[in-house]
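Here is the structure we will look at, set down as structure tokens.
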Amino acid sequence: TYPPVSVIGLGMMGSALARTFLKEGHQTTVWNRTPGKADALMKQGAKVASTVNEAIAASPIVVICVLDYGALHEILEEAGELLVGRAIVNLTNGTPAQARRTAAWVTHRGAEYLDGGIMAVPQMIGTSGALVLYSGSEKVFQTYQPTLKGIGGVNYLGEDPGLAPLYDLALLSAMYGMFGGFFHAVAMIRSEQIKAETFTSLVVPWLQAMSGSLPLMAQAVDAENHQTDVSSLSINQTAFSNFIEVCGELGISNELMIPIQGLINRGVAEGYGADGLSRIVELIRNPVSV
Ligand code: NDP
């Protein structure tokens with residue numbers, strides 16, 4: 001149950017992963033382009049490989065977490081024959097197409113490929129708060145599930161290696177949308193010298209209450225029926241001019257609001273004024289040619 005693990009890439013995330021494998025009792029071999037970053041891990045019992053090949057040769061499962069796919073390929077290209085028979089678990093952030101291309105590349109060289117999207121910050125690694133989405137080789141996922149569970153919760157999405165990055169980027173898109181809305185709201189409040197912290201005590205329950213409407217919107221999207229008894233795109237269009245006007249009054253940027261207004265306006269212009277806000281999903285899926 002404790003197979004040796006190699007960790008390639010000892011940035012903030014890779015170091016947290018290696019520390020966790022060590023704590024869990026795995027013989028852990030690490031490699032990083034800049035050698036100094038392995039020092040602390042060595043003191044905690046990690047074996048430090050002096051080459052990528054040494055790291056790959058040390059374990060049946062090789063976890064890679066580097067900056068991007070460019071870095072990942074530079075590393076893997078050094079490995080050659082050593083990849084044969086290994087499980088490559090790539091936790092580097094990328095796109096579905098990058099993951100699919102890399103899976104094909106790795107598989108062609110005789111290794112098996114599992115892609116993972118880490119839904120956590122390094123401080124959460126090894127706790128129940130961390131979730132990692134996986135896709136790609138089910139065999140790798142099943143074989144090494146106990147090892148992977150050391151990192152945090154696991155969610156296997158299917159054999160298509162592009163699924164984990166697709167879900168990862170989609171979840172992060174939702175997060176950035178929420179952060180963007182919050183930043184804009186706080187900028188409004190601060191322009192009247194009100195404390196952000198005081199205001200935020202209202203924002204959190206408000207967003208929690210509003211998130212309750214997401215499953216209904218998802219239902220409308222799946223049913224391709226955006227009829228509403230909540231609020232129509234037309235009424236939102238009318239209200240939205242206030243959101244833009246207030247930016248001028250407060251002397252703040254409207255950069256975050258303009259794209260939302262643009263989508264609402266396009267929906268009304270395309271004849272969907274009576275539909276609910278969930279129609280915006282279809283508008284995003286059918287972009288106007290640019
Ligand atoms: P860091 O910037 O801390 O580390 C980047 C790592 O990539 C370093 O080990 C660096 O090596 C290595 N690297 C960069 N370029 C190359 C190269 N050309 N060849 C070899 N190694 C290279 O980033 P993180 O650890 O935070 O992030 C790593 C991955 O994890 C990213 O894909 C990120 O999106 C993902 N991630 C990070 C999260 C976080 O909260 N930090 C959350 C979820 C995912 P060197 O030390 O030599 O520079």
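The values are calculated or read from the model by the stated rules, or taken from the named source; none is laboratory data. Just so you know, these numbers come straight off a predicted model, no measurement behind them. For neighbour counting, all protein chains shown are included, and Cβ atoms are generated from backbone atoms with ideal geometry for every residue, glycine included.
Would you mention how many residues in the stretch 23-33 are within 12 Å of the ligand (Cβ to nearest atom) and surrounded by fewer than 24 Cβ atoms within 10 Å (Cβ to Cβ)?
2
Residue by residue, here is whether (1) assigned to a helix (DSSP H, G or I); (2) surrounded by fewer than 11 Cβ atoms within 10 Å (Cβ to Cβ); (3) touching a helix residue (DSSP H, G or I) at 6+ places or on another chain (Cβ under 7 Å); (4) not charged (D, E, K, R) holds:
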site: VAL204; (1), (2), (3), (4): yes, yes, no, yes
site: VAL221; (1), (2), (3), (4): yes, no, yes, yes
site: PHE243; (1), (2), (3), (4): yes, no, yes, yes
site: GLU255; (1), (2), (3), (4): no, yes, no, no
site: ILE264; (1), (2), (3), (4): yes, no, yes, yes
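Rundown of residues vs (1) assigned to a strand (DSSP E or B); (2) out of contact with any helix residue (DSSP H, G or I) (no Cβ under 7 Å at 6 or more places or on another chain); (3) within 30 Å of GLY136 (Cα to Cα), yes/no style:
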residue	(1), (2), (3)
GLU159	no, no, yes
SER173	no, yes, yes
GLY177	no, yes, yes
GLY181	no, yes, no
**OP:** Only residues that are in contact with a helix residue (DSSP H, G or I) (Cβ under 8 Å, 6 or more places away or on another chain) and within 9 Å of the ligand (Cβ to nearest atom): list them for the stretch 34-46, please.
**Re:** LYS37
Original post:
Here are some conditions: (1) surrounded by 12 or more Cβ atoms within 10 Å (Cβ to Cβ); (2) within 24 Å of MET175 (Cα to Cα); (3) not aromatic (Phe, Trp, Tyr). LEU214 meets all but one. Which one does it not meet?
Top reply: (1)
**OP:** Test VAL89 against the stated conditions and say whether it is at pLDDT 95 or above, within 24 Å of PRO3 (Cα to Cα) and either touching a strand residue (DSSP E or B) at 6+ places or on another chain (Cβ under 9 Å) or surrounded by 16 or more Cβ atoms within 10 Å (Cβ to Cβ) (or both).
**Re:** yes
Original post:
Which residues, counting only those in the stretch 121-164, are surrounded by fewer than 19 Cβ atoms within 10 Å (Cβ to Cβ), within 14 Å of the chain's Cα centre (by Cα), under 20 Å from LEU22 (Cβ atoms) and of a type outside the set (Val, Ile, Thr)?
Top reply: PRO122
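Could you look through the stretch 114-148, keep only residues that are assigned to a helix (DSSP H, G or I) and either more than 20 Å from PRO4 (Cα to Cα) or touching a Phe, Trp or Tyr at 6+ places or on another chain (Cβ under 8 Å) (or both), and pick out the one that is nearest to the ligand (Cβ to nearest atom)?
The residue in question is PRO122.
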**OP:** Determine the pairs where a residue that is touching a residue at least 60 places away in the same chain (Cβ under 8 Å) and away from the ligand (no atom under 11 Å from the Cβ), located within the stretch 1-22, has a partner that is among the polar types (S, T, N, Q) and assigned to a helix (DSSP H, G or I) with Cβ atoms under 7 Å apart, the partner being 6 or more residues away or on another chain.
**Re:** PRO3/THR147; VAL5/THR147
Subject >> Residues located in the stretch 223-241, provided they are among the small types (Gly, Ala, Ser) and either under 25 Å from ILE189 (Cβ atoms) or surrounded by fewer than 17 Cβ atoms within 10 Å (Cβ to Cβ) (or both) >> reply: ALA223, SER231, SER234, ALA239, SER241
